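Below is one structure; the comments refer to it alone.
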Amino acid sequence: MNGRSTEHGTLVIERSFPTPAPRVFAAWTSVEAKSKWFGPRTQEGFELDFQIGGRERFVAEGPDGERYTYVALYHDIVKDERIVYTYEMYLGEERISVSVATVELAPAGEGTQLTLTEQGVFLDGHDTAAQREHGTRDLIEHLAEAVSG
């Protein structure tokens, strides 16, 4: 089968923020806001159309020197409460994963409780659920820094 394989994984990340949900939500809604915390700092061509049916895309060089492409489609957006999107990751021209992700924001005192749930299929050994969870946890920490300042 030419080394073809699939690995399925689900990750759930919960994180409290001392800032209100509208500020956390706003960090997802524009290229300017999202580029402060999302993805590698060496990305190019960051495009974001944050609306239901809208797309997001960027290309970045990974730590291994390879080119990675992220392409997302927004399926559901409830202002200050929920974002549901699917996304694909590519290594060069080869698709390495397909995921569905849900970001839920809930008031927690004066702050916000974020729950990110992702279900993914990782293709042909190029990525794994454990690697994705590690990277996503790092992104959420960058988000925390971006919204606390």
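Coordinate-derived values only; no laboratory data. Everything quoted here is computed from the prediction, not taken from an experiment. Please note: Cβ atoms are built from the backbone with ideal geometry, for glycine as well, and neighbour counts cover all protein chains shown.
To the nearest 20 Debye, how big is the dipole of segment 79-129 about its Cα centre, given +1 on the beta carbon of each Lys and Arg and -1 on that of each Asp and Glu? Intermediate results must be reported in sequence, preceding the final value.
Working: 3 positive and 10 negative charges, 29 e Å.
In debye, rounded to 20, segment 79-129 gives about 140.
Compute the length gained on full extension between Ala26 and Asp64: take 0.36 nm times their separation in residues and subtract their Cα-Cα distance, giving the result in nm to one decimal. It would help to have the intermediate numbers written out before the result.
Numbers: separation 38, 0.36 × 38 = 13.68 nm, distance 3.14 nm.
Gain on extension, Ala26 to Asp64, equals 10.5 nm.
Along Cα→Cβ, 7 Å out, is where each label goes; now give me the distance between the ones at Thr128 and Gln113 in nm to one decimal.
3.1 nm
On C-alpha positions alone, give me the angle between the axis of helix 129-148 and the longest principal axis of the chain, in degrees, nearest 10.
Orientation of helix 129-148: about 30 degrees from the principal axis.
Calculate, for Glu88 and Ser148, the FRET efficiency according to 1/(1 + (r/R0)^6) with r their C-beta to C-beta distance and R0 22 Å; round to the nearest 0.05.
Numbers: r = 31 Å, r/R0 = 1.40.
Efficiency, from the Cβ-Cβ distance: 0.10.
How large, in Å, is segment 12-79 by the Kirkwood hydrodynamic radius built from its alpha-carbon pairs?
Details: mean 1/r = 0.0747 Å⁻¹.
For segment 12-79, the Kirkwood estimate is 13.4 Å.
Take the alpha carbon atoms of the chain, find their radius of gyration, then divide it by 2.2 N^0.38 Å using N residues; give the quotient. Could the numbers behind the result be given before it?
Values: Rg = 15.3 Å, N = 149, 2.2 N^0.38 = 14.7 Å.
Working it through for the chain, the quotient is 1.04.
Contact order normalised by length for the chain, with contacts defined as Cα pairs under 8 Å and 6 or more residues apart; what percent is it? Could the numbers behind the result be given before it?
Details: 316 pairs, mean separation 46.4, N = 149.
Rounded, it is 31 percent for the chain.
Quick one: putting +1 on the C-beta of Lys and Arg, -1 on the C-beta of Asp and Glu, what dipole do you get for the chain around its Cα centre, in Debye to the nearest 20?
Details: 14 positive and 25 negative charges, 48 e Å.
The calculated dipole for the chain is roughly 240 debye.
Loop only by DSSP, 14 or fewer other Cβ within 10 Å of the Cβ. Give me the GluC sites (Glu not before Pro) in segment 7-72 that pass, ordered by residue number.
Working: sites: Glu7, Glu14, Glu32, Glu44, Glu47, Glu56, Glu61, Glu66; in loops: Glu66.
Those that pass, being in a loop and sparsely packed, are Glu66.
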